[in-house]
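Undergrad: Just passing along the structure, written as structure tokens.
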Amino acid sequence: MNRETILGLTKMEKAAFFILPMLIGAVLGWFIPNIADLLLKSPIIPFEKLVVYIANTDNFWISVIAMVLGIIIGLIFTGIVFHETLNIKIRDNELSFQIKDQKMTISKKDVSAIFLENKSLIVLGLTSKELYREHTDINISKAQEAFTSHGYPWKMKDPYTAEYRKWELDDANFPKEITNILYARRIALREDNKKDAKHLREDLNELGVVVRDRDRQQHVRRVN
């Protein structure tokens, strides 16, 4: 039998994220006329025309409309949380990952190591290449228990830590193509452009170079 363990939001967390944002939105919406009255007494009034309009309009209907809007906003927030949370299905023979609209499945026989580093879950292949990397808030003990219970090679840290070295622009150990990508990625890190930095990391991984970041400095190693 192919057992399955799911890592991600628990049922309690899903219930909380579903109920609390709607509840908070509804309460804030219902009391929006009272909030507007309080704001009118302050020396600085943000969105003054809107606040004055709310304070001078029938409180009941303003409360009803604002409450409905608050519930809708709460539902939108819940949807965003669910959409952007990494969901992992661990089976005895394969791993499945889903976040946003991205899905990936990795066969167990292709995995050499799994570990957490700076809130990123990393799966390494047989050649030490990164097969998967994604941010997660999963507790390390919970992750370790889940993966080891299915026989996956869990590691407490990157098993190739000793092979990394700080990359410098004058590093002659890489061809021009890799150097150009590393330089572009250094600029992305300095500009805090996480999207570009992630894509460039993936390009490097395809070319056989694994990179880890320390204080916006890139440390690199070759794939075995």
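Undergrad: Compare the Cα positions of Ile32, Ile187, Ile65 along the charge dipole of the chain (+1 at Cβ of Lys, Arg; -1 at Cβ of Asp, Glu; about the Cα centre) and return the one farthest towards the positive end.
TA: The listed residue farthest towards the positive side: Ile187.
Undergrad: What's the FRET efficiency of Arg3 with Ile140 using the Cβ-Cβ distance as r and R₀ = 22 Å, to the nearest 0.05?
TA: Efficiency for this residue pair is about 0.55.
Undergrad: So, one more: Given springs between every Cα pair under 10 Å in a Gaussian network model of the chain, which of Thr78, Thr127, Thr57 has the largest fluctuation?
TA: Among Thr78, Thr127, Thr57, the largest mean-square fluctuation in the Gaussian network model of the chain belongs to Thr57.
Undergrad: Would you please classify the overall shape of region 161-222 from the alpha carbon gyration tensor, given that a ≥ b ≥ c denote the square roots of the eigenvalues, rounded means a/c under 1.5, and beyond that prolate means a/b larger than b/c while oblate covers the rest?
TA: Verdict is rounded for region 161-222.
Undergrad: Can I ask one more? Once you put a point 7 Å from the Cα of Lys157 and another 7 Å from the Cα of Glu191, both along the Cβ direction, what distance in nm separates them?
TA: Going from the Lys157 label point to the Glu191 one covers 3.4 nm.
Undergrad: Then there's this: Quick one: check the C-alpha center-to-center distance for region 78-122 versus region 124-150, whole angstrom.
TA: 8 Å
Undergrad: Now for a different question. Can you bin region 87-149 into rounded, prolate or oblate? Criterion: square roots of the alpha carbon gyration tensor eigenvalues sorted a ≥ b ≥ c, rounded for a/c under 1.5, prolate for a/b above b/c, oblate for the rest.
TA: rounded
Undergrad: Determine, from the Cβ-Cβ distance of Arg222 and Gln98 and an R0 of 30 Å, the FRET efficiency 1/(1 + (r/R0)^6), rounded to the nearest 0.05.
TA: Efficiency computed from Cβ-Cβ geometry: 0.50.
Undergrad: Amide H neighbours of Leu131 under 5 Å, counting only residues 5+ apart in sequence or on other chains, H built in-plane at 1.01 Å?
TA: Those lying under 5 Å, H to H, from Leu131 are Val123, Leu124, Gly125.
Undergrad: Now for a different question. Where nothing but the Cβ of Lys and Arg (+1) and of Asp and Glu (-1) is charged, how large is the charge dipole of the chain around its Cα centre, in debye to the nearest 20?
TA: Around 480 debye, computed over the chain.
Undergrad: Enumerate by residue number the trypsin sites (Lys or Arg not before Pro) in region 1-91 meeting two conditions: DSSP loop (anything except H, G, I, E, B), and at most 13 other Cβ atoms within 10 Å of the site's Cβ.
TA: Arg3, Lys41
Undergrad: List the trypsin sites (Lys or Arg not before Pro) in region 140-179 that DSSP assigns to loop (not H, G, I, E or B) and whose Cβ has at most 11 other Cβ atoms within 10 Å. Which are they?
TA: Of the trypsin sites (Lys or Arg not before Pro), the ones in loops of region 140-179 whose Cβ has at most 11 other Cβ atoms within 10 Å are Lys157.
Undergrad: Based on other C-beta atoms within 10 Å, arrange His150, His199 from fewest to most.
TA: Placing the least packed residue first, the sequence is His199, His150.
Undergrad: With a length cut of 20 Å (Cα positions projected on each helix's long axis) and a Kyte-Doolittle mean of at least 1.0, go through the chain and give me the DSSP H helices that pass.
TA: What comes out of the filter, once short or polar helices are dropped, is 11-30, 59-83.
Undergrad: Further question: Gaussian network model of the chain, Cα springs within a sub-10 Å range: biggest mean-square fluctuation belongs to which of Leu20, Leu131, Leu116?
TA: Maximum among the listed residues: Leu20.
Undergrad: Working out 0.36 nm times the residue gap between Leu75 and Leu50, then minus their Cα-Cα distance, what length gain in nm do you get to one decimal?
TA: 6.6 nm
Undergrad: Starting from region 22-130, pick out the GluC sites (Glu not before Pro) whose DSSP state is loop and whose Cβ has at most 14 other Cβ atoms within 10 Å.
TA: Sites meeting the loop and neighbour criteria: Glu84.
Undergrad: Would you please give the FRET efficiency between Ile19 and Asn118, computed as 1/(1 + (r/R0)^6) with r the Cβ-Cβ distance and R0 = 35 Å, to the nearest 0.05?
TA: Here the calculated transfer efficiency is 0.65.
Undergrad: Pick from Asn180, Asn193, Asn56 the residue whose mean-square fluctuation is largest in a GNM of the chain, springs joining Cα atoms under 10 Å.
TA: Maximum among the listed residues: Asn56.
Undergrad: Pull out the extension gain between Leu28 and Ala172, defined as 0.36 nm times the separation in residues minus the alpha carbon to alpha carbon distance; nm, one decimal.
TA: Full-extension gain reported as 45.8 nm.
Readers should treat all values here as calculations from the given coordinates under stated rules, not as data from a laboratory. This structure is a prediction, so every number in the text was calculated from the model and none was measured. All Cβ positions, even for glycine, are placed from backbone atoms using ideal geometry, and neighbour counts span all protein chains on display.
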